[in-house]
Structures are given as C-alpha cells and as structure tokens.
Amino acid sequence: MALWGGRFSGGPAESVAALSRSVHFDWRLAPYDIRVNRAHLQGLVIQGVISAENGEKIDGALQELFQEIAQGKFTYIDSDEDVHSAIERGLTAKLGELGGAIRAGRSRNDLVVTDFKLFLIDHIVEIAGLLTQLVEAINRQAEGHTQTIAPGFTHLQHAQPIVFGHEFAKHSHGLLRDIDRISDWLERNSFSPLGAGALAGSALQPNPESSAETLGFIGTMGNSIDATSDRDFVAEALFIFAMVGVHLSRLGEEFTLWSTSEFGWVTVADAYSTGSSIMPQKKNPDIAELARGKSGRLVGNLTSLLVTLKGLPFAYNRDLQEDKEPVFDSVETLTTLLPALIGMVSTATFHHEKISRDVTAGFSLATEIADFLSRKGIPFATAHEVAGKCVKACELKQIELHQLSDAELHGIHPSLTPDIRLSLTAQGAVESRISSLGTSPTSVMEQISTLQAENELAKRWIAGEAKRFTEMMES
Ligand code: ARG
C-alpha cells in the first residue's frame, strides 16, 4: 500500500517501487511502529482530533495487529512500500476509512525516527546484557589464575612477567567501558522526536510531551527540524557496536594465538571449535577468528552511516532510509557473536604449566635490575645502561640473568650486590608491583573483585531498563 498518490496520475514505475521499497528490512520496526502509533493516537484523542470512541476502535485494531504480527499472522506484502504503509494497510483492512485517521498530526519522517530509536533502545540494552555475561565469564577465568605467572608482552616480545589473571581480566575493562557507553547513550538519547511532523511540528498535536512520556522518554527533542534529521544516536550506537567489535577482535586474536601448539596456553572446548574438511586432525579456533573477522563489518557499518550523513541537507531526505540496514546488521552480528564467545570463554581450559613455562625468557627481569639500582639512588638512565650490560653479558655466555655470578655482577657495577637475587625471580617481580593497577597477585585479586562489583551494578541497571522497556511496549 502507498501512503501517497492523490496528486499522481499513476503508480510508480516498477523499477522505482523496487528501489524505494524498504519494507523487507524495516519490517523489524513493526512492533515499535504500532507502539508509537498508539501513543500518538492517545495524544490525538486528548486533543479532540479523534473522538474517544474512534480512538478506542483504532487502539483495539492496533493491539490486534501487534498480536497478529507477533504470531506471524500479519505480515507485509510486495506492494507495501515500508513498514508504516504495511501497518496502515492492516489498520484500514480492519477499520475501513477510519484506519487512515491515525496519520493526523504525524509524518513518516517523525514516525520512522521514533520507531528506530525505540528499536535501538531495546537492542542496545540487550547487547549490554550480553556484554555483562561475557565480562562475568572473563572474570571467572581470571579469578582462577591470580597465582599463575605468565610472560607479559610488548611488541609481541617478552617484556616483563605478569600474573595471568591480570592479563586475561584486562578484556573486562574495555567491555565494561562499552557498557558504560551504552548507559551514557541511553541518557543522552532519551528524547522523543515524535511531534516533529514532516519537519515543522504539528498543528494537530501541540502537546507531544504526552506521547513522549507514554513511550518512556524523558521528554521531547528541542527542535522539530533537528528531530527529523538527527541520526547522531544511530552513529553513536554504531560506534559503540564497532568498539565492542574491536574489543572482541582482540580477545579473539589472543585465543587464536594462545591455542596454537607453539603457545599451548589454552584449549577451546570441542563445542566451540570447528574441524577441517580435509585434515582430520584439525581443531580450529573458528569462533575466535570470527570474533576477529566480524569487527570488520561492525566498523564498516559505522563508516557507511557517517558517509550517508556527511553534507546531508536538513530535514528529512530519502538518503536517511539507508540508516537502518547497517544497524540491523550490527545488532544481528553482535547478538549472534556474543553468545558464542561467552560459551567459548567460559568453557576454555587454560594450561597453567605452559603459561608459566617461559616467564623469564628474553631477559624479562632486566627491568628488575634497573629498579634495584634506582632504589639505591642511581639515576635511572645509568641503571638502565647497567642492566643492558648485564643482558649483553648473558647473551655472550648464553645464560639467564639470575645465572650471572656475584663476581660478574659486581664487575658490571659495584652496586649490583648479591641481595639483587631476591629481585631476579619472576615471583619477586610480580609481587613487587603492588599498586592498585599493578600485577601483584593481591592487586589482581582486588582488581577482579572491583570488576565483579561494577559488573553486578551494570547487570542491575540493565535489568531495570529491560523491564521498563518491556512494560512500556506491553502497556
Ligand atoms: N521508509 C522511509 C525511511 O525509512 C520512511 C520515511 C519516508 N519519508 C518520506 N518522506 N518519504 O526513511
């Protein structure tokens, strides 16, 4: 069904209808469209534009449609241009001419953006919930490794020993920041565009604050032209999804690397691995690789929207129809990827002995020598130089730092007294880093319990938001 045509001499050309059509993807907005229409209707009844009696009939028909859509009994047909047209067709089929009354005081321009905002609120909260589950899985694994010492890397070269729980829990921090971004997003974007009409506001609906409240928004937006044009909330959401993707890609990369036979740090459970069609022995970390790969499309979706928006005139332009598919794709990507990753992380087995195997390789205790001399009052640049000489001496003799004799140490610098040996162990190195963000086992245990507490808080607000939203949709 088309929502226009009075001034046209015929329908659009077939090619135009095919190009213009969005119902095959924006049908996902159907439940939100009905909810927004109901809130708008309520406002029209208050304003006396629609009588209470007709208002009840229309609301009843909208609620029936809501059920029929959920049960798959009502869906779009080829001739529907978009979700809004399909729903008005459904309404008109039930109510005749009265079905068209709902269009008073609103335009698809404010309707579509309001529907879309509700869709995003609903799904961004769902994604936040999945992120808390992943954080939980990461924390649980990290908790089991607060005493496991691992080589820490910079430039993918051995750098300094660290606690493996510290290494693994780092992923939770980025993901909790993503959850925090979602919370900011919700606060900033909780204003309704409905009431903007085509662009100028509506003469039939002077009080859109009432529908904003019904839909769970804090209030209405401040400018009707901005309201129909603003897609900042979409770009911000796509940025959050892309950032999550980037975080997951780095987690995926570590699982891929750590599960190689060269590392052997982790075994991914069979249910979260895949095989090869030719090499029977293979067990591949495809989930981790997909986590890495999916980030590409998540970043691409953000770029796609920003390019659509760049230089776009205000208010509504049809280019804006291109805002939806990137979002649907990002939401689908994350709601498919996250459950698999949660499963992969929580069922993975980490191999303590392999992780700790090479902690002091690559002279990773050299910084301990420099720190030791620094504590004795030697300027760090000199201390660094002396530690470098120790490394050089070891390289020549093909030994490790702790294998230098007292005499050799003294020969390199008189302040390298035998008590340095206390610092020349991986255990000593990690235990000395007791700051709140450092790698000592005690610090790491505290960091993980802080992460857990933050995650619990996040879970609570997310459950509250989800409940509020479901109640709004069902009211
Ligand atoms: N399908 C359109 C979209 O997604 C709905 C808005 C159409 N508005 C218009 N003025 N043609 O953007």
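The values are calculated or read from the model by the stated rules, or taken from the named source; none is laboratory data. Computed from a prediction, not measured in an experiment: that's the story for all the values here. Reconstructed Cβ throughout: ideal geometry from the backbone, glycine too, with neighbour counts over all protein chains shown. Accessible surface areas use protein heavy atoms only, side chains included; no ligands, DNA or RNA. Shrake-Rupley method; radii C 1.70, N 1.55, O 1.52, S 1.80 Å.
What Kirkwood hydrodynamic radius, in Å, does segment 6-51 give when the mean of 1/r is taken over all pairs of distinct Cα atoms and then inverted? Intermediate values should be presented prior to the final figure.
Values: mean 1/r = 0.0741 Å⁻¹.
The answer is 13.5 Å.
With an 8 Å Cα cut-off and a minimum separation of 6 or more residues, compute the relative contact order for the chain in percent.
Working: 664 pairs, mean separation 84.2, N = 475.
Here the relative contact order equals 18 percent.
Just need log10 I(q)/I(0) for segment 130-253 at q = 0.11 Å⁻¹, Debye formula, equal scatterers on the alpha-carbon atoms, no solvent, rounded to two decimals.
Normalising to I(0) and taking log10 leaves -0.58.
Put one equal scatterer on each alpha carbon of segment 23-148, apply the Debye formula with no solvent term, and list log10 I(q)/I(0) at q = 0.22 1/Å to two decimals.
Calculated log10 I(q)/I(0) at the listed q: -1.28.
Just to be sure I understand: if I project the alpha-carbon convex hull of segment 97-166 onto a plane and average over all orientations, what area do I get in nm²? All intermediate terms of the calculation are to be shown ahead of the outcome.
On the way: hull surface 34.8 nm².
Its average projected convex-hull area is 8.7 nm².
Reachable lysines from Lys294, Cα under 19 Å, same-chain residues fewer than 8 places away excluded?
Lys324
Report Rg (one decimal) and Dmax (nearest whole number) for segment 328-424, counting Cα atoms only, units Å.
Rg, Dmax (Cα atoms, Å): 21.9, 68.
Bin all alpha-carbon pair distances of segment 385-475 at 5 Å intervals from 0 and give each bin's fraction as a whole percent.
So the P(r) values, bin by bin, are 3, 12, 13, 12, 9, 8, 8, 6, 6, 5, 4, 4, 4, 3, 2, 1, 0.
For Ala315, list long-range residues whose amide hydrogen, built 1.01 Å from N in the peptide plane, is under 5 Å from its own amide hydrogen.
Distant-sequence amide H within range of Ala315: zero hits.
Separation between the Asn223 and Leu306 pseudo-spin-labels, each 7 Å from Cα along Cα→Cβ, expressed in nm?
2.3
Which value results for Rg/Rh of the chain when Rg is the Cα radius of gyration and Rh the Kirkwood radius based on the inverse mean 1/r? Don't skip to the end; give the middle numbers.
Details: Rg = 30.1 Å, Rh = 26.3 Å.
Radius of gyration relative to Kirkwood radius: 1.14.
Excluding residues fewer than 8 places away in the same chain, name every one of the lysines whose C-alpha is closer than 17 Å to that of Lys397.
The reachable lysines, counting only those whose Cα sits under 17 Å from Lys397, are Lys389.
Please give the Cα centre distance for segment 1-59 versus segment 353-374, rounded to the nearest Å.
68
When only Cα pairs under 8 Å and 6 or more residues apart are kept, what is the percent relative contact order across segment 368-421? Don't skip to the answer; put the middle values down first.
Values: 35 pairs, mean separation 17.4, N = 54.
Answer for segment 368-421 is 32 percent.
Give me the accessible area per residue for the chain, probe 1.4 Å, as a whole number in Å². Spell out each step's value before the answer.
Working: 21970 Å² over 475 residues.
In whole numbers, the chain has 46 Å² accessible per residue.
For Thr220, enumerate residues with amide H under 5 Å from its amide H, sequence gap 5+ or separate chain, H modeled in the peptide plane.
Ser192
Okay, helix-only estimate at 222 nm for the chain: each DSSP H run of n ≥ 4 adds -39500 (n - 2.57), divide by all residues, round to 500 deg cm²/dmol; what do you get? Please list the in-between numbers first.
Values: 18 runs with 288 residues, N = 475.
That comes out to -20000 deg cm²/dmol.
Per residue of segment 210-226, in order, report the coupling 6.51 cos²θ - 1.76 cosθ + 1.60 (Karplus, θ = phi - 60°) as ³J(HN,Hα) in whole Hz, putting x for Gly and Pro.
5, 5, 4, 5, 4, 7, x, 7, 6, x, 9, 6, x, 8, 5, 6, 4
Applying 1/(1 + (r/R0)^6) with R0 = 60 Å to the Cβ-Cβ distance of His352 and Asn54, what FRET efficiency is obtained, to the nearest 0.05? Walk me through the numbers before you get to the answer.
Working: r = 71 Å, r/R0 = 1.19.
Once rounded, the FRET efficiency stands at 0.25.
Sequence-distant or interchain residues sharing an amide H contact under 5 Å with Gly152, placed H: which?
Sorted by chain and number, the residues that satisfy this are Ala159, Gln160, Ile162.
Accessible area of Asp371, 1.4 Å probe, to the nearest 10 Å²?
Result for Asp371: roughly 40 Å² accessible.
Using Cα positions and a limit of under 16 Å, work out the lysines in reach of Lys73, with same-chain residues fewer than 8 apart set aside.
The reachable lysines, counting only those whose Cα sits under 16 Å from Lys73, are Lys94.
If only Cα atoms are counted, what is the Rg of segment 288-374, and what is its Dmax, in Å?
Values for segment 288-374 (Cα only, Rg and Dmax): 23.3, 68 Å.
On the protein heavy atoms, probe 1.4 angstrom, tell me the percent of accessible surface of the chain carried by carbon and sulfur. If you can, show how the numbers build up before the last one.
On the way: 12100 of 21970 Å².
Roughly 55 percent of what the probe reaches on the chain is carbon or sulfur.
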